[in-house]
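The values are calculated or read from the model by the stated rules, or taken from the named source; none is laboratory data. Quick caveat: nothing in here was measured; it's all calculated off a predicted structure. Methodologically, a virtual Cβ is constructed for each residue, glycine included, from the backbone with ideal geometry; neighbour enumeration extends over all protein chains shown.
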Amino acid sequence: MKLKRKKDTFKTALRKDLKKNSFAYLLLVPVLLWYAVFCYAPMWGVLLAFKDYKPLLGFGGSPWVGLKHFKEFFSSPFLVRTVKNTFMLNIWGLAFGFTSPILLALLLNEIKAVRFKKVVQTITYMPHFISLVVICGMIHIFTQSGGILTQLVDWISGTEHASLLGYTDMFRPIYTFSGIWQNIGWDSIIYLSAMSSIDPGLYEAADIDGAGRLRKMWHVTLPQIRPTIIILFIFAVGGLMASGHEKIILLYNPLTYEKADVIASYVYRRGLQEASYSFATAVGLVSSVVNFLLLWFTNRVSKKYSEISVF
Amino acid sequence: MEKKKNVIGKHTPENVIFNIINYGVLTLLTLLCLYPMLHVLFASVSDPTTLISHRGLLLKPLGFTLSGYQLVFKDNSLLIGFKNTFLYVGLGTLVNMLITITMFFGGGLIPWFLMMRQIGCYNNMWAMILPTALNTWNMIILRTGFQSFPYDLEETAVIDGASQARILIDVILPLSKPVLAVIFLYYLVGNWNSWFNAMVLLKDRDRYPLQLLLKEILVMNDSSMTSVGSAGGVSVNSVQGATAYRELVKYCVTVIVTLPILCVYPFLQKYFVKGVFVGSIKG
């Protein structure tokens, strides 16, 4: 498609290219249209955050109110609560959810029996394909009073519990560990593939040096997949504020709002359930900005210390 | 993996202990992954009254009854859900595939919602299809696939006088079958499992896809199915019995909705896994 041509100005180059590759441009039209309508047009909508949206007046006719909604959010107790919960859930996620697939991949990588490995992989990948609604349904079934998980907790603590989803302190573990159950296998794929491309010579060298299996894991395998880990970590931090609101909406209830309500679920509740469109837009904008800054910051830190970065 | 046959096979004490622990941990993990699914499956065919008073692990069905499934299929709201889901999944995936040929900074939920309502993507079929017509991630996967073809290929076709449409149809598409299969599956599973857009954009119950109905039954604990207890030829005559059946129905519904995907999954596994790799090259 890019045959050699003399250097043109952008405009004439574009015109020539349009003529030559008209078919390709034709195919591009619906895609561009889609992006315009479904991704970029809503971006204009963030202006709602600075207006007082009234459905009767419409988008253009609603009055400008400046930073009113931001001030309201920043002075409400919900700012601290939602931001703290968002961070805490994600710290749990990074601490357990992010590390467990690496651990699984490390263990799987040491397995020699091909059939055993296949079976383990097939079964651990499986929950990834169960829909979120069903996963949360299963969590509800297992954690209701008398459910299998509640029985376990009863047995450990020696006292009887009502539905575990009603206890604020239970929310983070339930949320995090059900996520691990669902994704540990799937997320390990990428690490396994990184491990399979490690030069076997490195292991042989380690053997000669008398390294045992654990030492080789620590000193050969892990450092070799470090770039993969770092890139996935940047992505994980980048999705920090946005992640998981669907699952939270399916699992939380007024009893656990104190620990479960995150920015995204708060936006959903205020915006769509209570129809405070402008206020919710403002909250959403704050979270977008914080999210973007976090991604930028992680990327910079990573660039500085490991010379690996996404952009 | 076979290449590293070096030490792993050696029978030093350290190796033996390591292997025992490693196999043990992995077996345990696998069982942990498997058990919740089996639990639901066994429970769905168990006798509801025994089930509700049962304590501890469920390693086999308690008795055997299909009355839960009878109840589920007697009530037609779930069947309508199935029909809707098939429609949305079928048409949605088709549109995905046709159009295929903001990840970090979007407008946010509310402006998006208002926009959808304004352009008419609200409470109708299009609301389930257009907003998800394209997925940037899948597009990157496909692009990476296209880029892996040698440039000469196109050049040769151009010299042979092929038009661009012809190159696309006769050269590129047949070669991209594996990548297209990956994308197709991703869209398929995504459409089958999606519920959030339906909850936000659909108002009429008879347009609900399966997952949204499931949400009501499983998560909101609201089931009209059990109130018509005797409908399926199953007589439920006490309050306790009704509760037991409500639980049974939950298990059955979970199995019905999950089984189709889990049954095809082992055969398609390699395509899904391939998608992870293709996507990661340019990640």
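Quick check on my filter: what residues within segment A:291-308 are crowded, with 16+ Cβ neighbours inside 10 Å and either at the interface with chain B (Cβ under 10 Å from one of its Cβ atoms) or in a helix (DSSP H, G or I) (or both)? Before you say what the answer is, go through the steps one by one.
Of segment A:291-308, the ones crowded, with 16+ Cβ neighbours inside 10 Å are A:291, A:294-295, A:298-299, A:302, A:308.
A:N291, A:L294, A:L295, A:T298, A:N299, A:S302 - these are the residues of segment A:291-308 that are crowded, with 16+ Cβ neighbours inside 10 Å and either at the interface with chain B (Cβ under 10 Å from one of its Cβ atoms) or in a helix (DSSP H, G or I) (or both).
So A:W64 clears everything in (1) exposed (fewer than 12 other Cβ atoms within 10 Å of the Cβ); (2) more than 30 Å from B:I129 (Cα to Cα); (3) at pLDDT below 75 except one condition, right? Which one?
Looking at each condition in turn, A:W64 falls short on (3).
Scanning segment A:151-210 for residues that are closer than 21 Å to A:L251 by Cα and among the polar types (S, T, N, Q), which turns out surrounded by the fewest Cβ atoms within 10 Å (Cβ to Cβ)?
A:T168
Out of curiosity, is A:L165 more than 9 Å from every other protein chain (Cβ to nearest Cβ), over 22 Å from A:I229 (Cβ atoms), in contact with a helix residue (DSSP H, G or I) (Cβ under 7 Å, 6 or more places away or on another chain) and part of a helix (DSSP H, G or I)? Give the derivation first.
Values: more than 9 Å from every other protein chain (Cβ to nearest Cβ): yes; over 22 Å from A:I229 (Cβ atoms): yes; in contact with a helix residue (DSSP H, G or I) (Cβ under 7 Å, 6 or more places away or on another chain): yes; part of a helix (DSSP H, G or I): yes.
Yes.
Quickly run through segment A:258-275 and pick out the residues that are crowded, with 19+ Cβ neighbours inside 10 Å and either out of contact with any His (no Cβ under 6 Å at 6 or more places or on another chain) or not in a helix (DSSP H, G or I) (or both).
To start, the set of residues in segment A:258-275 that are crowded, with 19+ Cβ neighbours inside 10 Å comprises A:259-268, A:270-271.
Matches in segment A:258-275: A:K259, A:A260, A:D261, A:V262, A:I263, A:Y266, A:V267, A:Y268, A:R270, A:G271.
Considering segment A:187-210 alone, what residues qualify as being among the hydrophobic types (A, V, I, L, M, F, W, C) and out of contact with any Ser or Thr (no Cβ under 8 Å at 6 or more places or on another chain)? Lay out the reasoning, then the answer.
Initially, segment A:187-210 is screened for residues among the hydrophobic types (A, V, I, L, M, F, W, C), giving A:189-190, A:192, A:194-195, A:198, A:202, A:205-206, A:208.
A:I189, A:L192, A:L202, A:A205, A:A206, A:I208 - these are the residues of segment A:187-210 that are among the hydrophobic types (A, V, I, L, M, F, W, C) and out of contact with any Ser or Thr (no Cβ under 8 Å at 6 or more places or on another chain).
Mind listing just one residue for me: the one in segment A:92-119 that is assigned to a helix (DSSP H, G or I) and among the aromatic types (F, W, Y) and, of those, farthest from the other protein chains (Cβ to nearest Cβ)? Steps first, answer last, please.
Step one: of segment A:92-119, the residues assigned to a helix (DSSP H, G or I) are A:92-97, A:99-109, A:114-119.
Going one step further and asking which of them are among the aromatic types (F, W, Y), we end up with A:92, A:96, A:116.
On the way: A:W92: 19, A:F96: 14, A:F116: 7 Å.
My answer is A:W92.
Taking B:L28 and the conditions (1) loosely packed, with under 13 Cβ neighbours inside 10 Å; (2) modelled with pLDDT under 85, which numbered condition does it fall short on, given that it satisfies the others?
(2)
State all residues of segment A:79-102 that are over 13 Å from the mean Cα position of the chain (by Cα) and more than 16 Å from A:S193 (Cβ to Cβ); if no residue qualifies, say none. I'd like the intermediate steps shown before the answer.
Of segment A:79-102, the ones over 13 Å from the mean Cα position of the chain (by Cα) are A:79-85, A:88, A:95-96, A:99-102.
Of everything in segment A:79-102, those that are over 13 Å from the mean Cα position of the chain (by Cα) and more than 16 Å from A:S193 (Cβ to Cβ) turn out to be A:L79, A:V80, A:R81, A:T82, A:V83, A:K84, A:N85, A:M88, A:A95, A:F96, A:T99, A:S100.
Here's a check for you: in segment B:100-124, which residue that is among the aromatic types (F, W, Y) and part of a helix (DSSP H, G or I) is modelled with the highest pLDDT? Break it down stepwise before answering.
Step one: filter segment B:100-124 for residues among the aromatic types (F, W, Y), giving B:104-105, B:112-113, B:122.
From what's left, part of a helix (DSSP H, G or I): B:112-113.
Details: B:W112: 73, B:F113: 76.
Among those residues, the one meeting the criterion is B:F113.
Starting from segment B:200-211, keep only residues that are surrounded by 19 or more Cβ atoms within 10 Å (Cβ to Cβ), then list their pairs with residues that are among the acidic types (D, E) whose Cβ atoms are within a distance under 9 Å, requiring at least 6 positions of separation or different chains.
Matching pairs, first to second residue: B:Y208/B:E216.
Mind listing whichever residues of segment A:247-257 are within 15 Å of A:P173 (Cβ to Cβ), in a helix (DSSP H, G or I) and not basic (K, R)? Quick ask: steps written out before the conclusion?
Just the residues of segment A:247-257 that are within 15 Å of A:P173 (Cβ to Cβ), to begin with: A:247-248, A:251-252, A:256.
Those still in the list that are in a helix (DSSP H, G or I) too: A:247-248, A:251, A:256.
Once the filter is applied, which keeps residues that are within 15 Å of A:P173 (Cβ to Cβ), in a helix (DSSP H, G or I) and not basic (K, R), segment A:247-257 yields A:I248, A:L251, A:T256.
So, in segment B:163-184, exactly how many residues are in a helix (DSSP H, G or I) and facing chain A (nearest Cβ under 10 Å)?
Step one: list which residues in segment B:163-184 are in a helix (DSSP H, G or I), which gives B:164-175, B:177-184.
With facing chain A (nearest Cβ under 10 Å) added as a condition, the list becomes B:164-168.
Qualifying residue count, segment B:163-184: 5.
Would you check if there is a residue in segment A:207-225 being more than 10 Å from chain B (Cβ to nearest Cβ), assigned to a helix (DSSP H, G or I), under 21 Å from the mean Cα position of the chain (by Cα) and among the hydrophobic types (A, V, I, L, M, F, W, C)?
No, there is no match, as no residue in segment A:207-225 is more than 10 Å from chain B (Cβ to nearest Cβ), assigned to a helix (DSSP H, G or I), under 21 Å from the mean Cα position of the chain (by Cα) and among the hydrophobic types (A, V, I, L, M, F, W, C).
Taking segment B:44-56, which residues are more than 8 Å from chain A (Cβ to nearest Cβ) and either part of a helix (DSSP H, G or I) or crowded, with 20+ Cβ neighbours inside 10 Å (or both)? Spell out the reasoning first.
Applying the first criterion (more than 8 Å from chain A (Cβ to nearest Cβ)) to segment B:44-56 yields B:44-51, B:53-54.
Of everything in segment B:44-56, those that are more than 8 Å from chain A (Cβ to nearest Cβ) and either part of a helix (DSSP H, G or I) or crowded, with 20+ Cβ neighbours inside 10 Å (or both) turn out to be B:S44, B:V45, B:S46, B:P48, B:T49, B:T50, B:L51, B:S53.
When the residues of segment B:8-20 are narrowed to those that are assigned to a helix (DSSP H, G or I) and more than 9 Å from chain A (Cβ to nearest Cβ), which ends up farthest from A:G179 (Cα to Cα)? Give the steps one after another, and end with the answer.
First pass over segment B:8-20, keeping only residues assigned to a helix (DSSP H, G or I): B:8-9, B:13-20.
With the extra rule that they be more than 9 Å from chain A (Cβ to nearest Cβ), the set shrinks to B:13, B:16-17, B:20.
Numbers: B:P13: 36, B:V16: 33, B:I17: 31, B:I20: 28 Å.
So the residue we want is B:P13.
Check A:P173 against each of (1) part of a helix (DSSP H, G or I); (2) modelled with pLDDT under 90; (3) not β-branched (V, I, T) and name the one condition it does not meet.
Failed condition: (2).
Looking at B:I80, B:I52, which one is in contact with a helix residue (DSSP H, G or I) (Cβ under 8 Å, 6 or more places away or on another chain), within 30 Å of B:K203 (Cα to Cα) and of a type in the set (A, V, I, L, M)? Don't jump to the end; show me each part of the working.
Values: B:I52 fails: within 30 Å of B:K203 (Cα to Cα).
Going through B:I80, B:I52 in turn, the sole match is B:I80.
Could you grab me the full set of residues in segment B:212-239 that are more than 13 Å from chain A (Cβ to nearest Cβ) and either surrounded by fewer than 18 Cβ atoms within 10 Å (Cβ to Cβ) or modelled with pLDDT of 80 or more (or both)?
Taking segment B:212-239 and keeping what is more than 13 Å from chain A (Cβ to nearest Cβ), we get B:224-239.
Those that are more than 13 Å from chain A (Cβ to nearest Cβ) and either surrounded by fewer than 18 Cβ atoms within 10 Å (Cβ to Cβ) or modelled with pLDDT of 80 or more (or both): B:S224, B:S227, B:V228, B:S230, B:A231, B:G233, B:S235, B:N237, B:S238, B:V239.
Have a look at A:I198, A:I189, A:I139 and point out the one that is assigned to a loop (DSSP other than H, G, I, E, B) and touching a helix residue (DSSP H, G or I) at 6+ places or on another chain (Cβ under 6 Å). Reasoning before the result, please.
Details: A:I189 fails: assigned to a loop (DSSP other than H, G, I, E, B); A:I139 fails: assigned to a loop (DSSP other than H, G, I, E, B).
The unique qualifying residue is A:I198.
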